[in-house]
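The next block holds one structure in the form of structure tokens; read it before the comments.
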Amino acid sequence: MEERKHTSNGIPTFEMIPMLMANLLEDNKILSAKLDAINRKISASVCNSKDDDQRMDVTEAQKYIPGHPAVQTIYGWTSNNMIPYHKVGKRIYFVKSELDAWLSKEQHKSQEDLRKEAEEYVNNRRKQSTL
């Protein structure tokens, strides 16, 4: 006859303790590995957010901006307030996250978007002229 693994009230027997401890240790290893992976992901995201707040001078910004515009062009953009910048004393600095936002805002519209805008404009003009 097969020996019962638990007593009648669900408590493991003394003979089962080594196996249960081995299972607990294995579960602990698995959880530790998962926790380490989570910590690595958190550390990587914190490093990325620090990179977004990185300050750059004009030459670094020139290398970062696509097309690598001339330094004088960047100075022109700052004097016309066309690009986000910070001025400390006589030095001009740029923040990477602000440049990213500025670059994404400067997207050109597709032909479809331009066509829709033109249709809306014409329709609005027609409505205004009938009033």
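Per-residue answers, yes or no, for (1) within 26 Å of the chain's Cα centre (by Cα); (2) in a helix (DSSP H, G or I); (3) surrounded by 14 or more Cβ atoms within 10 Å (Cβ to Cβ):
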position	(1), (2), (3)
THR59	yes, yes, no
GLN72	no, yes, no
LYS87	no, no, no
LYS109	yes, no, no
GLU112	no, yes, no
ARG115	no, yes, no
GLU120	no, yes, no
GLN128	no, yes, no
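Could you look through the stretch 107-131, keep only residues that are among the small types (Gly, Ala, Ser) and farther than 30 Å from ILE65 by Cα, and pick out the one that is modelled with the highest pLDDT?
Only one residue tops the list, namely ALA118.
Of everything in the stretch 48-69 that's modelled with pLDDT of 80 or more and basic (Lys, Arg), which residue is nearest to LEU103 (Cα to Cα)?
If we take residues in the stretch 48-69 being modelled with pLDDT of 80 or more and basic (Lys, Arg), then LYS63 is nearest to LEU103 (Cα to Cα).
The values are calculated or read from the model by the stated rules, or taken from the named source; none is laboratory data. In this text the structure is predicted, and so the values were computed from the model without any measurement. Methodologically, a virtual Cβ is constructed for each residue, glycine included, from the backbone with ideal geometry; neighbour enumeration extends over all protein chains shown.
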